[in-house]
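The values are calculated or read from the model by the stated rules, or taken from the named source; none is laboratory data. The structure displayed is predicted, hence computed values, not measured ones. Heads up, the Cβs are rebuilt from the backbone with ideal geometry, glycines too, and the neighbour counts pull from every protein chain shown.
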Amino acid sequence: MGSVFDIIGPVMIGPSSSHTAGAVNLGRIARQAFGRVPEKIRIVLYGSFGATYKGHGTDRAIVAGVLGYYPHSPEVKQALEIARELGIVVTIAVEKDNLYHPNTARIELSSGGMSTEIVGVSLGGGAVSIKEVFGFSIDISGKYNTILCSYPEQVGMVARVTQILAAEGINIAFMEVSRSGRKSNALMVVEVDDEIPEDVLNKVSEVSGMLGVRYIRKLS
């Protein structure tokens, strides 16, 4: 049996738990994957997202999430204006194809020559699923604290990271490794039950061969 919030929806700025609240959550995950305030936000909306985004405020909802706001934040309504005041350039494009799901968004954040792109879907009730990040195919829900570790594929990387977490008493709920090709770059996705302290994230970042580590806090 699910939560009562699966029926009545989350506390949010409306009008839609899937097209608005879920869109905010997609933006929040994109911001954490990027790790900083972007100079540019490019959003591609697919299927139902693209067809109804103006009425449901899906564009401003995603931008609000990127700016660090929550589904219930009053600032969601003014997110596009706030971004403009901050000098952030926002671009919206629409595609008719459904891609992964009718409520799919591709979010690209860029700043200072660095960029991050995620593809995520809104499942209703504020729930989301991230399908791509950094060009890798993944599947994360935002229900767990999540570490994204990128590195050139090599023997022992999974063991090194899991040993660090085990030594700190941090339980792993789910883990997967996605590869861009045989003997090429890899992305390790580690979802854990507990909050991960900064010093532990630093230890993971310092693992020999690690290219980058991003930490995505759970949505609720």
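Screening ILE41 against (1) in contact with a Phe, Trp or Tyr (Cβ under 9 Å, 6 or more places away or on another chain); (2) on the phi < 0 side of the Ramachandran plot; (3) modelled with pLDDT of 90 or more leaves a single unmet condition, (1).
Residue count for the stretch 91-117 under the criterion of being more than 28 Å from CYS149 (Cα to Cα) and either part of a loop (DSSP other than H, G, I, E, B) or at pLDDT 95 or above (or both): the result is 8. A Cβ distance below 8 Å, combined with a sequence gap of six or more or placement on separate chains, defines the contacts here; from the stretch 188-211, residues that are closer than 16 Å to ALA159 by Cα and touching a residue at least 40 places away in the same chain (Cβ under 8 Å) reach residues that are surrounded by 12 or more Cβ atoms within 10 Å (Cβ to Cβ) and among the small types (Gly, Ala, Ser) in the pairs MET188/SER150; VAL189/SER178; GLU191/ALA173; VAL192/ALA173; MET210/SER150. Look at GLY142 and say whether it is assigned to a loop (DSSP other than H, G, I, E, B) and touching a residue at least 60 places away in the same chain (Cβ under 8 Å). Criteria met by GLY142. Entry remark, the stretch 2-38: residues being among the polar types (S, T, N, Q), part of a helix (DSSP H, G or I) and either buried (at least 24 other Cβ atoms within 10 Å of the Cβ) or at pLDDT below 95 (or both) number 4 in total. When the stretch 162-220 is filtered for residues that are part of a strand (DSSP E or B), of a type in the set (A, V, I, L, M, F, W, C) and over 16 Å from LYS143 (Cα atoms), the ones remaining, listed by number, are VAL177, ALA186, LEU187, MET188, VAL213.
Taken residue by residue, the stretch 150-160 has at least one member that is under 18 Å from the mean Cα position of the chain (by Cα), in a strand (DSSP E or B) and surrounded by 13 or more Cβ atoms within 10 Å (Cβ to Cβ).
Among the residues of the stretch 29-77, those identified as under 14 Å from THR91 (Cβ atoms) and of a type in the set (Val, Ile, Thr) are ILE41, ILE43, VAL44, ILE62, VAL63, VAL66.
For the stretch 44-82, filtering for residues that are in a helix (DSSP H, G or I), surrounded by 19 or more Cβ atoms within 10 Å (Cβ to Cβ) and not hydrophobic (A, V, I, L, M, F, W, C) leaves 8.
Residues that are under 18 Å from the mean Cα position of the chain (by Cα) and among the β-branched types (Val, Ile, Thr) were ranked within the stretch 94-114; the one that is nearest to ALA51 (Cα to Cα) is THR104.
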